[in-house]
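Beneath this line is the structure, given in structure tokens, with notes to follow.
The values are calculated or read from the model by the stated rules, or taken from the named source; none is laboratory data. As the structure is a prediction and not an experimental result, all values here were calculated from the model. Cβ atoms come from the backbone with ideal geometry, glycine included; neighbour counts cover every protein chain shown. Only protein heavy atoms, including side chains, enter the accessible area calculation; ligands, DNA and RNA are left aside. Shrake-Rupley method; radii C 1.70, N 1.55, O 1.52, S 1.80 Å.
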Amino acid sequence: MQKRQMYIDTQNKIIETTLVLMKTKPINSIKVTEIVRIAKINRTTFYSHFQDVPALIDFIENTLIDELIGCFKSVPVDWIQTYNQTQEEQFYLEFAQLIEANFNTYQRLMSSNGDAKFISLMRQRLSDYIAPTIITTNDDLNISGDILHELILSGLLDILQYWIQKEPSLTPQKIARLLLVSRHVSPNQRVKENL
């Protein structure tokens, strides 16, 4: 048990050191040499945890996304169609709180020094969980479920990205409300309400 904890502690030290380095330099210019020097570990120790820096970044990103996917494990597949607005807002709150718990990491990954592919990876991995099955209405627009899926996915991810990159002072409660309103009220309606 003690060896396992030491392994985890060292891994966390490597991750934290990398995130600190991302404050001042682009992710693709971070070298193993810098990480081991700052973390005060040897190269062999680094390589017992990660193959290289890209593997380390993949681990960080996938760990964050796995936590978000965990939120969806407790909801029905068709949650986006069956939840009432109170349930939906509560779900968004739990989702936003998970992001808030690792907010600095999200900020660094989405910063100019971060990984430009992170948002695409989030989109790809969360796509199967955000509105995976959409039943469309037979209206005069005749919009396919695929288009609706993209609209919902893009709207949710764009709001989260905006929060992380431009409005970090917003609370998870405010983000949950914003996500809910964005799904049920068109921007045009919101503009008219605020005039």
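Brief remarks on what is shown
Here is a yes/no grid of residues against (1) touching a Leu at 6+ places or on another chain (Cβ under 9 Å); (2) within 24 Å of Asp115 (Cα to Cα); (3) among the hydroxyl-bearing types (Ser, Thr, Tyr):
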position: Thr44; (1), (2), (3): no, no, yes
position: Tyr47; (1), (2), (3): no, yes, yes
position: Asp52; (1), (2), (3): no, yes, no
position: Asp66; (1), (2), (3): no, yes, no
position: Gly70; (1), (2), (3): yes, yes, no
position: Lys73; (1), (2), (3): no, no, no
position: Pro76; (1), (2), (3): no, no, no
position: Tyr83; (1), (2), (3): no, no, yes
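- Residue list for region 87-100, filter: open to solvent by 80 Å² or more (accessible area, probe 1.4 Å) and of a type in the set (A, V, I, L, M, F, W, C): none
- All of (1) open to solvent by 20 Å² or more (accessible area, probe 1.4 Å); (2) under 30 Å from Glu150 (Cβ atoms) hold for Phe72 with one exception: (1).
- Residue match in region 36-43 (condition: of a type in the set (Val, Ile, Thr), without any contact (Cβ under 8 Å) to a residue 24 or more places away in the chain, open to solvent by less than 50 Å² (accessible area, probe 1.4 Å) and farther than 30 Å from Gly145 by Cβ): yes
- Exclusive hit being over 20 Å from Tyr129 (Cβ atoms), at pLDDT below 95, open to solvent by 20 Å² or more (accessible area, probe 1.4 Å) and not small (Gly, Ala, Ser), set Asn84, Asn113: Asn113
- Applying the set (1) open to solvent by less than 60 Å² (accessible area, probe 1.4 Å); (2) under 25 Å from Ala96 (Cα atoms) to Pro26 leaves exactly one unmet item: (2).
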